[in-house]
1. Could you please report the charge total around Thr154, scoring K, R as +1 and D, E as -1 over all other residues with beta-carbon less than 15 angstrom from its beta-carbon?
2. Between beta-carbons, use under 14 Å as the cut-off and find the net charge around Leu103, counting Lys and Arg +1, Asp and Glu -1.
3. If you wrap region 31-178's Cα atoms in a convex hull and average its projection over all directions, what's the area in nm²?
4. In what sequence, highest mean first, do 141-154, 44-57, 80-93 appear when ranked by Cβ atoms within 10 angstrom?
5. Using a 1.4 Å probe, how large is the accessible area of His100, given in Å² and rounded to the nearest 10?
6. For a quick check of understanding: with a 1.4 angstrom probe and all protein chains in place, what accessible area in square angstrom does Asp6 have, to the nearest ten?
7. Can you give the local net charge around Ala93? Use residues other than it whose beta-carbon is closer than 12 angstrom to its beta-carbon, Lys and Arg +1, Asp and Glu -1.
8. If I fit a long axis through the Cα atoms of helix 140-152 and take the longest principal axis of the Cα atoms of the chain, what angle between them do I get, 0 to 90°, rounded to 10?
Amino acid sequence: MLSVRDVTTAYQGLVAISNVSIDVEKGEIVCVAGANGAGKSTIVNVINGGLSPHEGSLRYGGQQGGSGISAARANGVRCVFQELSLCPNLTVAENTRVMHPELKGWNWRRRALDLITSKLEEVFPGHAIDVASTVGDLSIAERQMVEIAITFATIHRGPRLVILDEPTSSLDAGLAAQLMAYVRKFVASGGSVLLISHILGEILSTSSRIVVMKDGRIVVSRPAGEFDIASL
């Protein structure tokens, strides 16, 4: 689904990540773990097209990845950012259209409401979010839930690889469990997930494979079953 090869990126001469290589297979949950400053956010921005590497290459689905957010999105890459990217002055439906511009034409607002309502209920059954609300009126947890649901929503082509950057940072234990159950369902259907998290129990219980970064480099990549909390 994704092949990152020997990627190096620098800011003003300072190397942020160096010779990073990551593969994500179809039907796999790969977790990237590491302390703050390890390079996790940088590699995420390279994969989602927000940042061009100075060296190295990307392939999506075995094809040369091209560059930029449009190329990543065309190859089915979606990202839920730790710093939520929803527009607070827009409604939930309007934010859904921002992420899915194919929602256009007559009655697009109703179709957007139906789409986000259905996906929210699928990912977070029993939620109490008013989908007619302006996003600025929602709690941080509700905004995170909405962004996750918008990212997984499908109109014509669904996501193939979803990057989840600290997706449960604002969620309580029950909501986090609902999300991880949905992630496992998504992967079982053939999707792939790249998970960024500091929660060791969440990493070990959810991941197929764990990649550990330190100081901009990958120091180990092994199946999740070969780790425990102490070794991780």
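1. In short, +4.
2. Surrounding charge for Leu103 is +4.
3. Here the figure is 9.8 nm², rounded to one decimal.
4. Output ranking for 141-154, 44-57, 80-93: 141-154, 44-57, 80-93.
5. His100 has an accessible surface of roughly 0 Å² with all protein chains in place.
6. Asp6 exposes around 80 Å² with every protein chain in place.
7. +1
8. Taking Cα atoms only, the helix is inclined about 80 degrees.
The values are calculated or read from the model by the stated rules, or taken from the named source; none is laboratory data. Quantities reported herein were computed from a predicted structural model and do not represent experimental measurements. Positions of Cβ are generated from backbone atoms using ideal geometry, with glycine treated the same way; all protein chains shown enter the neighbour counts. For the accessible areas, the whole protein counts, side chains as well, though only heavy atoms, and no ligand, DNA or RNA atoms are used. Shrake-Rupley method; radii C 1.70, N 1.55, O 1.52, S 1.80 Å.
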